[in-house]
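A short write-up of the structure that comes next.
Any read-out appearing in this document is the output of simple, stated calculations on the displayed coordinates, not a laboratory observation. Everything numeric in this text was worked out from a predicted model, so none of it was measured. Glycine also receives a Cβ, built like all others from the backbone with ideal geometry; neighbour counts cover every protein chain displayed.
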């Protein structure tokens, strides 16, 4: 059966203007334009490894810094995931993935159970990855988790290179989410004894 779990999110504030379309059951194709090169790279990796199709155009107050753009894109992606999954009927709900990236190893675990919670045990040795503020990796995923209504735990077991660490975070989270929102066989049940999530 061809699924059509899609959403379109628009967010406009005094700081950002964002349009994001998401198809959960995609092929990993994306068109990303945020004005922040490293962030575009990470989002492209996310779409590819999560198997989602995503189109994103974001215009933000980059003359200040990238913070508002990155955080607001996280808000939009979280809202898009929540909207796309709807009642969450028939999904696996839980996902986990441990990903090596050269000297780095990162584990991501997710539960699309309707309650937001975020744990991020990741340390960057330097404050910058090129021109990108490393702390924005945490801000982005916190915004995603809070707005998707999911538990997201990201733990770095070890790593030293900032680019590798960030890439491992995005890829492992993508793979964990792909597992969690996949259909659980032919089931159309809500995966909770509560009957709603």
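Given the criterion out of contact with any helix residue (DSSP H, G or I) (no Cβ under 6 Å at 6 or more places or on another chain) and within 28 Å of residue 89 (Cβ to Cβ), identify the matching residue among 121, 151, 147, 161. Walk me through how you get there before you give the answer.
Values: 121 fails: within 28 Å of residue 89 (Cβ to Cβ); 147 fails: out of contact with any helix residue (DSSP H, G or I) (no Cβ under 6 Å at 6 or more places or on another chain); 161 fails: within 28 Å of residue 89 (Cβ to Cβ).
Exactly one residue qualifies, and that residue is 151.
Please work out which one of (1) surrounded by fewer than 22 Cβ atoms within 10 Å (Cβ to Cβ); (2) more than 19 Å from residue 128 (Cα to Cα) is the condition residue 80 fails and give its number.
Unmet for residue 80, out of (1) surrounded by fewer than 22 Cβ atoms within 10 Å (Cβ to Cβ); (2) more than 19 Å from residue 128 (Cα to Cα): (1).
Does residue 184 satisfy being in contact with a strand residue (DSSP E or B) (Cβ under 8 Å, 6 or more places away or on another chain), farther than 22 Å from residue 100 by Cα and surrounded by fewer than 20 Cβ atoms within 10 Å (Cβ to Cβ)?
Details: in contact with a strand residue (DSSP E or B) (Cβ under 8 Å, 6 or more places away or on another chain): yes; farther than 22 Å from residue 100 by Cα: yes; surrounded by fewer than 20 Cβ atoms within 10 Å (Cβ to Cβ): yes.
Considered against the rule, which asks whether it is in contact with a strand residue (DSSP E or B) (Cβ under 8 Å, 6 or more places away or on another chain), farther than 22 Å from residue 100 by Cα and surrounded by fewer than 20 Cβ atoms within 10 Å (Cβ to Cβ), residue 184 comes out as yes.
For (1) within 19 Å of residue 138 (Cα to Cα); (2) in contact with a strand residue (DSSP E or B) (Cβ under 7 Å, 6 or more places away or on another chain); (3) crowded, with 16+ Cβ neighbours inside 10 Å, each residue gets a yes or a no:
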| residue | (1), (2), (3) |
| --- | --- |
| 7 | no, yes, yes |
| 20 | no, yes, yes |
| 26 | no, yes, yes |
| 29 | no, yes, no |
| 34 | yes, yes, yes |
| 37 | yes, no, no |
| 40 | yes, yes, yes |
| 44 | yes, yes, yes |
| 51 | no, no, yes |
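Test of understanding: among 108, 166, which residue is within 30 Å of residue 62 (Cβ to Cβ), in a strand (DSSP E or B) and in contact with a helix residue (DSSP H, G or I) (Cβ under 6 Å, 6 or more places away or on another chain)? Working first, answer last.
Values: 166 fails: in a strand (DSSP E or B).
Residue meeting the stated conditions: 108.
For the stretch 154-178, give me the residue count where each residue is farther than 22 Å from residue 132 by Cβ and surrounded by fewer than 18 Cβ atoms within 10 Å (Cβ to Cβ).
1
Within 16 Å of the chain's Cα centre (by Cα), surrounded by fewer than 20 Cβ atoms within 10 Å (Cβ to Cβ), under 19 Å from residue 80 (Cα atoms) and touching a residue at least 40 places away in the same chain (Cβ under 8 Å): does that describe residue 139? First the steps, then the outcome.
Values: within 16 Å of the chain's Cα centre (by Cα): yes; surrounded by fewer than 20 Cβ atoms within 10 Å (Cβ to Cβ): yes; under 19 Å from residue 80 (Cα atoms): yes; touching a residue at least 40 places away in the same chain (Cβ under 8 Å): yes.
So residue 139 fits the description; yes.
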